[in-house]
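Data first, discussion second: the structure below is written as structure tokens.
The values are calculated or read from the model by the stated rules, or taken from the named source; none is laboratory data. Computed from a predicted structure; not experimentally measured. Cβ atoms come from the backbone with ideal geometry, glycine included; neighbour counts cover every protein chain shown.
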Amino acid sequence: MKRALSCTVLALLLWGCSDSPSEPKVATTVVVTPGSVTFDAVGATKVVHASVKDQKGGSMSGVALSWSSSSPAATVVGAGGDSAVVTAAANGTASITASTGAVAGAAAVQVAQVATVIEKASGDQQTGTVGAALPVQVRVRILDRLGSPVAGQSVTFAVTQGGGTLSPTTAVTGADGGAATTWTLGTGTGTPQAVSATLQGAALGAVTFSATAVAGPAATVAPNGGSGQGGMAGTALPTSPSVVVRDAGGLPLAGRTVTFAVTGGGGSVTGATATTNASGVATVGSWVLGPQAGLNQLTATVSGTGVADNPVIFGAVGCQGGGGAGYAITLCYTTPMTPAQRGVFEDAAARWGGLITGDVLDVAAAIPGGSCGEGSPSLDLNFDDLVIFAGVEDIDGPGSILGQAGWCFRRTGSLPILGLMRFDAADVAALEADGRLGDVILHEMGHVLGIGSMWSTLGLLQNPSTASSVLDTHFSGTNGIAGFDAIGGTTYTGGLKVPVENTGGSGTFNSHWRESVLANELMTGWLDTGTAHPLSLLTVRSLADLGYTVNTAAADGFFLTLSVRAPGSTTPRGLRLENDGWAGPQYTIDRQGRRSRSR
């Protein structure tokens, strides 16, 4: 009996020392494996597992787990039991968590796309006009190994054939993996054109785009060279006229036929049919001006239809030498004139050429167009001795400005080589009607020679007057004084010799002989009515003070009777030659043809 009791007590003690068979297991640890996951492409997947441990470190199975991702870079979906599928969704990092109750475990995820593909998206095999931008941009897409777009990649575009241009040459891919550039084709039509696209920093095969360039329609033809020249009648112009033909995009067109034809002035051409070169330029062989001084015209016509501004018209001025054995005046008619008007200019040139007998140093020079009056032609020739641009044009209608004359270029330290004479058409008609045009042209040509227009330059004008200050203005050249004395000036007591006009307004005073003393002499500032206007010994000898060699015997007969006329008693009458001096730029030119502006 005692033995049985002891066994019972022992059994109870042993039971009290062991765990209770009814204590529940509690999840205390969750471990996700693998602990880190790296993806190189969007859409890539990886299965992860979670193991759960209880409070004693024992494994627990069948525990319900919740799976979550900390960012849009990755998604996670439970696959049943302790597994889940992680999917790369975007570049970036995420933490994938498996949790049960308050216990959780996590794995680190990194998504970093690797570009493995560069493909054409648009713009290949287009056809466009030479030199023009293609209508569709050249575009590529950068993809990872699963075909998802890769953003932020730098793509370099380069022209590999055809000579075109790109804008931009480097582009960064957007969210769709695309990068694009605008391709402007080169100017050649016979050479294939190509562009490459490469991904910087990646050893991927280069992508090549091709295009075909075709000539656009001819849109315009325009002068290219040789416009507005002047030259001696019957000779070839120094620059052969040329035109340039361009397409609608403004690019030159080669291979177009251009025909040149003389349409005015009676000249001739060589090489009348020309073909545009690679620069779109066609040039006539030569243009020989007509045999008479005057306006010449040449047309250049592009064959075919649809060419704007076709034909191009070229104008040129033919020049011809005037009278004078030792001194030649060359006339260049810059406007249309009647034969009678041309005759008046030629008579004036002959008269002055007969008074000046000495040849003046020739100068070979190139004078730019527009430098001796607006629209004046260019000249590239040997100047012997004086060249004058002569024109009759609309200025301001009857009255007011009759015309303007003077020199534009003179030899350095010496005499004029180029001048102009321009007259108002309305006033010329009136002067022709009353027979005074010849005297006016002769008078104005004297200003081109330097009378009045070079006095101040050479220091021969003393005590000049102004509009508000009338002074004893006079010409101090010794030859002029001698000429004045020879025509009766020895008895002059009105001031210093030779008296110069000190009234009459701008363009009259300081540049003419004084009307109150010299009366109807040609170079006074008024054209008297109903009387002759002699070109006196005073004027002829004053030319010697300017540097000319003169024939005094050719002067008109003229004598003053100052003793019976009080100084200043002559009242100016007739037409006042006001503002008749050329007020534009003046230049000097040396023996080497180098120009220097003096005014």
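Table: residues versus (1) touching a Pro at 6+ places or on another chain (Cβ under 8 Å); (2) at negative phi; (3) not assigned by TED's automatic domain parsing to the domain that holds Asn91.
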{"site": "Gly152", "(1), (2), (3)": "no, no, yes"}
{"site": "Val159", "(1), (2), (3)": "no, yes, yes"}
{"site": "Ser167", "(1), (2), (3)": "no, yes, yes"}
{"site": "Thr198", "(1), (2), (3)": "no, yes, yes"}
{"site": "Leu204", "(1), (2), (3)": "no, yes, yes"}
{"site": "Ser210", "(1), (2), (3)": "yes, yes, yes"}
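Of the residues in segment 387-396, none is surrounded by fewer than 20 Cβ atoms within 10 Å (Cβ to Cβ), among the small types (Gly, Ala, Ser) and more than 16 Å from Gln586 (Cβ to Cβ). Any residue that is hydroxyl-bearing (Ser, Thr, Tyr), in contact (Cβ under 8 Å) with a residue 60 or more places away in the chain and assigned to a loop (DSSP other than H, G, I, E, B) - is there at least one of those in segment 200-222? Within segment 200-222, not a single residue is hydroxyl-bearing (Ser, Thr, Tyr), in contact (Cβ under 8 Å) with a residue 60 or more places away in the chain and assigned to a loop (DSSP other than H, G, I, E, B). Listed by position, the strands (runs of 3 or more DSSP E) enclosed by segment 74-158 that each have at least 1 residues that are charged (D, E, K, R) and out of contact with any His (no Cβ under 9 Å at 6 or more places or on another chain) are 117-122, 138-143.
Among the residues making up segment 69-83, those that are under 15 Å from Gln110 (Cα atoms) and of a type in the set (Ser, Thr, Tyr) are Ser69, Ser70, Ser71, Thr75. Listed by first and then second residue, the pairs with beta-carbon distance under 8 Å, at least 6 apart or on different chains, first residue in segment 263-279 and within 27 Å of Val130 (Cβ to Cβ), second basic (Lys, Arg) and crowded, with 16+ Cβ neighbours inside 10 Å, are Thr275/Arg256; Thr276/Arg256.
Note on segment 539-548: residues that are in contact with a strand residue (DSSP E or B) (Cβ under 7 Å, 6 or more places away or on another chain) and either surrounded by fewer than 16 Cβ atoms within 10 Å (Cβ to Cβ) or of a type in the set (S, T, N, Q) (or both) amount to 1. The set of residues in segment 195-233 being surrounded by fewer than 16 Cβ atoms within 10 Å (Cβ to Cβ), modelled with pLDDT of 95 or more and of a type in the set (Val, Ile, Thr) consists of Thr208 alone.
Checked against (1) over 33 Å from the mean Cα position of the chain (by Cα); (2) crowded, with 24+ Cβ neighbours inside 10 Å, Leu298 passes all but a single condition, namely (1).
Residue-wise test of (1) more than 16 Å from Thr181 (Cβ to Cβ); (2) surrounded by 19 or more Cβ atoms within 10 Å (Cβ to Cβ); (3) touching a residue at least 24 places away in the same chain (Cβ under 8 Å).
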site: Thr116; (1), (2), (3): yes, no, yes
site: Asp124; (1), (2), (3): no, no, yes
site: Thr127; (1), (2), (3): yes, no, yes
site: Val136; (1), (2), (3): no, no, no
site: Phe157; (1), (2), (3): no, yes, yes
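Per the conditions (1) surrounded by fewer than 15 Cβ atoms within 10 Å (Cβ to Cβ); (2) assigned to a loop (DSSP other than H, G, I, E, B), the sole criterion not satisfied by Thr263 is (2).
What about Val307, is it at pLDDT below 95 and either under 40 Å from the mean Cα position of the chain (by Cα) or not assigned by TED's automatic domain parsing to the domain that holds Val440 (or both)? Yes: the conditions hold for Val307. Has segment 510-520 got at least one residue that is among the β-branched types (Val, Ile, Thr) and touching a strand residue (DSSP E or B) at 6+ places or on another chain (Cβ under 8 Å)? Looking through segment 510-520, at least one residue is among the β-branched types (Val, Ile, Thr) and touching a strand residue (DSSP E or B) at 6+ places or on another chain (Cβ under 8 Å). Kindly evaluate Gly369 against the criterion of being over 26 Å from Leu546 (Cβ atoms), at pLDDT 95 or above and not assigned by TED's automatic domain parsing to the domain that holds Thr257. Taking the combined requirement at face value, the residue satisfies it.
Contact map, segment 434-452: residues that are at negative phi paired with residues that are of a type in the set (S, T, N, Q) and assigned to a helix (DSSP H, G or I), Cβ distance under 9 Å, separation 6+ or inter-chain. Pairs shown: Leu437/Gln341; Ile441/Gln341; Gly446/Thr539; Ile451/Thr539; Ile451/Ser542. Of the residues that sit in segment 475-501 and are hydrophobic (A, V, I, L, M, F, W, C) and in contact (Cβ under 8 Å) with a residue 60 or more places away in the chain, which one is farthest from Ala553 (Cα to Cα)? Among residues in segment 475-501 that are hydrophobic (A, V, I, L, M, F, W, C) and in contact (Cβ under 8 Å) with a residue 60 or more places away in the chain, the one farthest from Ala553 (Cα to Cα) is Phe475. Assess whether Thr531 counts as being free of Cβ contacts under 8 Å to residues at least 12 places away in the same chain and not assigned by TED's automatic domain parsing to the domain that holds Gly446. The answer is yes for Thr531. Of the numbered criteria (1) over 39 Å from the mean Cα position of the chain (by Cα); (2) farther than 18 Å from Val42 by Cβ; (3) buried (at least 20 other Cβ atoms within 10 Å of the Cβ); (4) not polar (S, T, N, Q), the one Trp183 fails is (1). Can you say whether Asp54 is at pLDDT 90 or above, acidic (Asp, Glu) and crowded, with 16+ Cβ neighbours inside 10 Å, as far as the supplied structure shows? Taking the combined requirement at face value, the residue does not satisfy it. Could we say that Thr173 is of a type in the set (S, T, N, Q) and out of contact with any Gly (no Cβ under 8 Å at 6 or more places or on another chain) here? So Thr173 does not fit the description; no.
In this entry, Glu521 is excluded by the filter for residues that are part of a loop (DSSP other than H, G, I, E, B) and at pLDDT below 95.
Scan segment 234-252 for residues that are touching a Ser or Thr at 6+ places or on another chain (Cβ under 6 Å) and either modelled with pLDDT of 95 or more or not small (Gly, Ala, Ser) (or both) and jot them down. The answer is Ala236, Ser240, Ser242, Val245, Arg246, Leu251, Pro252. For segment 57-67, filtering for residues that are part of a strand (DSSP E or B) and exposed (fewer than 15 other Cβ atoms within 10 Å of the Cβ) leaves 2.
Scanning segment 232-283 for residues that are aliphatic (A, V, I, L, M) and under 19 Å from Leu379 (Cα atoms) turns up Met232, Ala233, Ala236, Leu237. Count of segment 486-518 residues, restricted to those that are within 54 Å of the chain's Cα centre (by Cα), buried (at least 18 other Cβ atoms within 10 Å of the Cβ) and in a loop (DSSP other than H, G, I, E, B), is 11.
For segment 464-478, the condition of being β-branched (Val, Ile, Thr), out of contact with any Lys or Arg (no Cβ under 6 Å at 6 or more places or on another chain), assigned to a loop (DSSP other than H, G, I, E, B) and within 29 Å of Thr357 (Cβ to Cβ) holds for none of the residues.
State yes or no: is Leu560 modelled with pLDDT of 90 or more, surrounded by 13 or more Cβ atoms within 10 Å (Cβ to Cβ) and not in a loop (DSSP other than H, G, I, E, B)? Considered against the rule, which asks whether it is modelled with pLDDT of 90 or more, surrounded by 13 or more Cβ atoms within 10 Å (Cβ to Cβ) and not in a loop (DSSP other than H, G, I, E, B), Leu560 comes out as no.
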